[in-house]
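What follows is a single structure, written as structure tokens, with notes after it.
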Amino acid sequence: MSQSLQGKTAIVTGSSRGIGRAIAEGLAANGPAVVVNYVGNRNA
């Protein structure tokens, strides 16, 4: 990432699996506090 995310907060919705999860994990590895949100899916 070209811009520092230190001291920032990221909110990632739909982050329990797939692309949302990958984005949340990638952000968490690069400095910001990460807030994750998901809604349960009985079929998932």
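Below, the figures for the structure above:
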{"item": "The lone exception for residue 38 - which of (1) modelled with pLDDT of 90 or more; (2) surrounded by 14 or more Cβ atoms within 10 Å (Cβ to Cβ); (3) not polar (S, T, N, Q) it fails", "result": "(1)"}
{"item": "Pairs where the first residue, in segment 5-22, is assigned to a loop (DSSP other than H, G, I, E, B) and the second is among the aliphatic types (A, V, I, L, M) and exposed (fewer than 10 other Cβ atoms within 10 Å of the Cβ), C-beta under 7 Å, 6+ apart", "result": "17/44"}
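The values are calculated or read from the model by the stated rules, or taken from the named source; none is laboratory data. Values in this document were obtained by computation on a predicted structure and should not be read as measured data. Here Cβ is always computed from backbone atoms with ideal geometry, including for glycine, and neighbour counts include all displayed protein chains.
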